[in-house]
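Chemist: My questions all concern the structure below.
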Amino acid sequence: MGTELPSRLTTMNQKTGVAAVSESEDAAVALSVAEGGAAPDAELREFLRGEGVSDGPISQDESGAVQTARARFDAASEESSLRGEVAFMRYVGLTYRVIGYSMTDKCAGYEREI
């Protein structure tokens with residue numbers, strides 16, 4: 001399973017995953033192993049239950065070697081609001097999380113990346 005991070009974002013390789021962040025730090029894309037390790041749909045539901053998170057349409061695909069569940073989301077706190085997309089994929093016994101997000105007012109400028 002290969003992935004390529006957006007070239008206009010700065011890549012950070014860490015022990016727990018890899019991330020790419022915009023220069024102004026108003027957008028990011030990250031790949032990591034999901035901590036719970038549950039099926040993609042269960043991991044997605046847990047993510048969408050987070051405080052301040054509202055979800056868009058959910059899509060699932062279990063037709064191939066990689067099971068996926070994904071959704072767009074909005075998240076709000078007292079300080080800021082984010083918009084993005086999150087996907088959970090199960091491959092060779094591990095569940096991975098890919099998340100891309102931006103500040104809500106900057107999201108249109110990062111649509112391709114996230």
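Chemist: Rounding to the nearest 20 debye, state how big the charge dipole of the chain is about its Cα centre with +1 on each Lys and Arg Cβ and -1 on each Asp and Glu Cβ.
Modeler: 340
Chemist: Along the principal axes of its C-alpha atoms, what lengths does the chain span, in descending order and rounded to whole Å?
Modeler: Taking the Cα atoms of the chain, the three principal extents are 36, 28, 23 Å.
Chemist: Among PHE88, PHE73, which comes first, second and so on when ranked by fewest other beta-carbon atoms within 10 Å?
Modeler: So the residues, fewest neighbours to most, are PHE73, PHE88.
Chemist: Further, regarding this structure: Can you give the alpha-carbon Rg of region 20-66 over 2.2 N^0.38 Å, where N counts its residues?
Modeler: Output field value: 1.43.
Chemist: Turning to a different aspect of this structure: Could the peptides 38-47, 89-98, 12-21 be put in order, highest first, of the mean number of other beta-carbon atoms found within 10 Å of their residues?
Modeler: My ranking of the peptides, most packed first, is 38-47, 89-98, 12-21.
Chemist: Any idea what the relative contact order of the chain is, in percent, if you count C-alpha pairs under 8 Å spaced at least 6 apart?
Modeler: 24
No value in this document is a laboratory result; all are computed from the given coordinates. From a predicted model like this one, the values you see are computed outputs, not experimental measurements. Cβ sites come from the backbone with ideal geometry, for glycine too, and all protein chains shown count toward neighbours.
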